[in-house]
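These notes are about the structure you will find just below.
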Amino acid sequence: MSDDHTRVQEFFAARAADWDSRFPDDGPAYRAAVAALDLRPGAKVLDAGCGTGRALPALRDAVGPSGTVLGVDLTPAMLEAAVRAGRQDHGALLLADVARLPVRTQALDAVFGAGLIAHLPRPAENLRELARVVRPGGLLALFHPVGRAALAARQGRQITPDDLRAEANLRPLLAGSGWRVTSYVDEDAQFLALAARED
């Protein structure tokens, strides 16, 4: 396992037990972000870096009982917290790396990634892997329940020009990884970038 993976696992393992209680009011923001994907009943969707699975109930509601919901995370403790919260009832949970997804090429209709982009060790390569598993025209939602400025303030730092979520950085990064940005919102209450998988 690479040092990047070890750091991500250590960071989230230390926070898994109380992750949901630290952010108890995020549910409506997750539901709104999932709604923006406009998933149809029967769709197949991946929650990449699903953590404790907070998006899984909304994703299941969107795709219905005939749809497929997969939650993938690199940190066992986060998946264990998802099970304790009963979220395995909304989708299959897999211990896996988003850099090497155990999913067939073009098997999915959409990928949802909450807080994902900041933890990707090789963003361009990792976003290409997400594009691999999504059908042409399928969607990617990069989401955070607070915007860049609000998150920086929460963490006691300033936004820097190299922030991957800045529109000027994210658009070319996604374009070079097989995605075309269709919508970009960065407000205090939410960050949400939607992109379509290029043909």
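The values are calculated or read from the model by the stated rules, or taken from the named source; none is laboratory data. Just so it is clear, the structure is predicted and the values come from calculations on it, not from any experiment. Positions of Cβ are generated from backbone atoms using ideal geometry, with glycine treated the same way; all protein chains shown enter the neighbour counts.
Figures for the structure shown
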item	result
Within the range 3-25, tally of residues that are over 29 Å from Arg135 (Cα atoms) and either surrounded by fewer than 17 Cβ atoms within 10 Å (Cβ to Cβ) or modelled with pLDDT of 80 or more (or both)	15
Residue count, the range 174-186 (criterion: crowded, with 17+ Cβ neighbours inside 10 Å and closer than 17 Å to Glu129 by Cβ)	4
Those residues of the range 11-31 which are part of a loop (DSSP other than H, G, I, E, B) and small (Gly, Ala, Ser), in sequence order	Ala14
Residue match in the range 161-183 (condition: under 14 Å from the mean Cα position of the chain (by Cα) and either small (Gly, Ala, Ser) or in a loop (DSSP other than H, G, I, E, B) (or both))	yes
All positions within the range 148-199 that are among the hydroxyl-bearing types (Ser, Thr, Tyr) and in contact with a strand residue (DSSP E or B) (Cβ under 8 Å, 6 or more places away or on another chain)	Thr182, Ser183, Tyr184
Given (1) at pLDDT 95 or above; (2) assigned to a helix (DSSP H, G or I); (3) under 28 Å from Tyr184 (Cα atoms); (4) more than 14 Å from the chain's Cα centre (by Cα), index of the condition Val34 fails	(4)
Residue selected from the range 53-103 under the condition among the polar types (S, T, N, Q) and modelled with pLDDT of 95 or more, by the criterion nearest to Ala131 (Cα to Cα)	Thr68
Residue identified as at pLDDT below 90, of a type in the set (A, V, I, L, M), surrounded by fewer than 18 Cβ atoms within 10 Å (Cβ to Cβ) and under 25 Å from Asp38 (Cα atoms) among Ala189, Ala166	Ala189
Test for Pro41: is it exposed (fewer than 15 other Cβ atoms within 10 Å of the Cβ) and in contact with a helix residue (DSSP H, G or I) (Cβ under 9 Å, 6 or more places away or on another chain)	yes
